[in-house]
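Student: Please read through the structure below; I'll follow up with questions.
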Amino acid sequence: MKSRNTTPEIKLQEVLYLMGIQFKKHVSDLPGTPDIVIEESSIAVFVHGCYWHRHAGCAQPRNRDAKNPLAHLFINGAVARDASINNDLTHQGFIVYTAWECHVKANPTAVGEGLKLLHERQLLGK
């Protein structure tokens, strides 16, 4: 299971770069090592796979769990870990943005536009 430089993550990074948004990748001194960090506006972005992080309402099939009982344990652990990491980052003053795999694959520009709006809002508030 690949955790860095996944295809959706790279696509989103390319979109942000083309929009002129400066970011850092895989900031290891922050909780959870966010995939993208926009330091100027204190935004931490995680590009999550829909299956492993349980994207609610996603159309991806969920029946793979039945074939591997350990997958259920892993997924529950990932979801709990995500909540803890989001809480830690929020307490450090970051806005946590989850970019879901299915959304990035379908329209990376739309996800990038959402991040750009959030970034601009944060800059206006500072």
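Student: When you look at ILE21, is it among the hydrophobic types (A, V, I, L, M, F, W, C) and not in a loop (DSSP other than H, G, I, E, B), yes or no?
Tutor: No; evaluated as a whole, the condition is false for this residue.
Student: Would you check if there is a residue in the range 101-119 being touching a residue at least 12 places away in the same chain (Cβ under 8 Å), within 19 Å of ARG4 (Cβ to Cβ) and touching a Gly at 6+ places or on another chain (Cβ under 8 Å)?
Tutor: yes
Student: Return the residues of the range 9-58 that are touching a helix residue (DSSP H, G or I) at 6+ places or on another chain (Cβ under 7 Å) and on the phi > 0 side of the Ramachandran plot; say none if nothing qualifies.
Tutor: Listed by number, the residues that qualify are GLY32, SER42, ARG54.
Student: Out of VAL37, VAL15, I need the residue that is modelled with pLDDT of 95 or more, under 11 Å from the mean Cα position of the chain (by Cα) and closer than 21 Å to GLN122 by Cα. Which one?
Tutor: VAL37
Student: From the list ALA59, ALA71, ALA78, which residue is more than 15 Å from the chain's Cα centre (by Cα), touching a residue at least 24 places away in the same chain (Cβ under 8 Å) and over 18 Å from HIS119 (Cα atoms)?
Tutor: ALA59
Student: Consider THR90 carefully, then state whether it is closer than 24 Å to VAL15 by Cα, β-branched (Val, Ile, Thr) and over 13 Å from the mean Cα position of the chain (by Cα).
Tutor: No; evaluated as a whole, the condition is false for this residue.
The values are calculated or read from the model by the stated rules, or taken from the named source; none is laboratory data. A quick note: this is a predicted structure, and the numbers were derived from the prediction, not measured. Please note: Cβ atoms are built from the backbone with ideal geometry, for glycine as well, and neighbour counts cover all protein chains shown.
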